[in-house]
1. Can you pull the percent of Cα pairs in region 240-401 with separation above 27 Å?
2. Fewest Cβ neighbours within 10 Å first, please rank W355, W10, W92 accordingly.
3. Would you calculate a helix-derived [θ] at 222 nm for the chain, using -39,500 (n - 2.57) for each DSSP H run of n ≥ 4 and dividing by the full residue count, to the nearest 500?
4. How do I66, I131 rank when sorted from fewest to most other Cβ atoms within 10 Å of their own Cβ?
5. With unit charges on the beta carbons (Lys and Arg positive, Asp and Glu negative) and the dipole taken about the Cα centre of the chain, which residue among G328, G11, F165 sits farthest to the positive side?
6. To the nearest 20 Debye, how big is the dipole of region 183-338 about its Cα centre, given +1 on the beta carbon of each Lys and Arg and -1 on that of each Asp and Glu?
7. Which entries of K138/K241; K294/K373; K15/K330; K2/K163; K330/K373; K2/K50 have Cα-Cα distances beyond 29 Å here?
8. Please name which of G68, M176, T80 has its Cα lying farthest along the dipole of region 2-238 towards the positive end, using unit charges on Cβ (Lys, Arg +1; Asp, Glu -1) and the Cα centre as origin.
Amino acid sequence: MKSVVLGAQWGDEGKGKIVDYLAESADIVIRYSGGANAGHTIVTGDTTYKLHLVPSGIIYPDKIVILGTAMVVDPEALFTELQVISDQGISWQGRIFISDRAHLVLPEYKHEDTSEESSRHKPLGTTGRGIGSTYAHKAKRDGIRLADIFDTERYALLTEGQKTFLEAYREKLRPMLLDLVSFMADHKDSTILFEGAQGTLLDIDLGTYPYVSSGISAAAGACVGGGVGPRDLDRIYGVFKAYSTRVGNGPFPSEFHKERDGDLEEVIRETGREYGVTTGRPRRCGYLDLPALKYACQANSIDTLVLTHLDVYDAFDTIQVCTAYRRGEKVFDNFPASIETLERAEPVLEAFSGWKTSLAGIRNYDDLPEAAKQYIRYIEEYTGTSIGIISVGYRREDTITR
Ligand code: GDP
Ligand code: IMO
Ligand code: MG
């Protein structure tokens, strides 16, 4: 069984929590895209783990985890992260591997990222982790892959500065090297989770370009990044929040605005603890954007939606969702490519009754309040996709499977 867990919004949907939850019954977890721009949070017992490059399966002592082919890997960030989780009691030696075709993020690429960002007329709000510049070098075909630093001829072509940086990591990386396609061919019967990073609306092709990241966050990315072809994917999970958030710049049609929505943004941000894991930036918050979610379902062939953060609405009298966009006289419910259209669009809102009770501790779908079930049914009907997992808190056990 091979399943993909991807973000169906602008990232931070709770992918880390859900991958950790599903990983219990998996053998191998493969991160298929992005780099240290991601921040995936897992809470088990009293411990909070914040992962950036390391796949979320690492928390279990017996899972193999792999950084996939389409990732961009900063060795410095990787070993810092491994030290942090080691200090938290996680033993990772011998069970973490990296596709030998993954590209390396070098310090000079990080400088390029921040200097390009500061010279932009309209900054994107990047994480400064060298993501866009490393993917750009890859596309220009002068990037450096993990395999290249073990290839004598190729290595000799690097600058002295690059070699000096890489020398500190070369021997530590060597045992992690993996030919991912062969490995996957040898593990046809394993249960495998492909862990996405960012989200559909930050995907380089499907997202709100140019306000996107540079990797393929979409389900299709799980194939190239994960060493398999499309026919090998059995199930696609799309994770989304009961509302919307976005870190960094770019259009966000259902974003809360003080004049229209009062202090909703502050309430959601504080209740949902909406601050970036990687940069600590406050996340922008807004209504659940259903046209965008439906677009994500269609673009990724999502089989099963995973609804997270439902508990954040526990104290609300009414809950509103965006069901279409309005621009002037025109009302539409497709997710347009035009940034200008998205920036000028106003959300058309529909209201639902809140449940006014705590969802904490609920473990069965049948025990959810009727108002919460109505909200869930509406989303399912709108998107034409069933919601198979519901998350009602940040801990592993705060999860309902239908
Ligand atoms: P990811 O990037 O998709 O893995 O998500 P992040 O870890 O960046 O952000 C999700 C945040 O929400 C983390 O702080 C999680 O601990 C938390 N979280 C996940 N699921 C839930 C949930 O159902 N309810 C609440 N209140 N918090 C959640
Ligand atoms: P996870 O995996 C939310 C955003 C940045 C910025 C844009 C480009 O935790 O969901 P980059 O540094 O990638 O070039 O920045 O993308 N961004 C994310 N937002 N969650 C993420 O990852 C993100 N990774 C990148 O804020 O707007
Ligand atoms: Mg995150």
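No lab work stands behind these numbers, since they all come straight from the coordinates. Note that this is a predicted model, so its numbers are computed, not measured. Glycine also receives a Cβ, built like all others from the backbone with ideal geometry; neighbour counts cover every protein chain displayed.
1. On the way: 2905 of 13041 pairs.
Percentage above 27 Å: 22.
2. Values: W355 21, W10 30, W92 15.
In order of increasing Cβ crowding within 10 Å: W92, W355, W10.
3. Working: 13 runs with 120 residues, N = 402.
So the helix-based figure for the chain works out to -8500 deg cm²/dmol.
4. Arranged by neighbour count, lowest to highest, I66, I131 become I131, I66.
5. Final value for the positive-end residue is F165.
6. On the way: 16 positive and 22 negative charges, 80 e Å.
Computed charge dipole of region 183-338: roughly 380 debye.
7. Details: K138/K241 32 Å; K294/K373 19 Å; K15/K330 35 Å; K2/K163 38 Å; K330/K373 31 Å; K2/K50 25 Å.
Table pairs above 29 Å Cα-Cα are K138/K241; K15/K330; K2/K163; K330/K373.
8. G68
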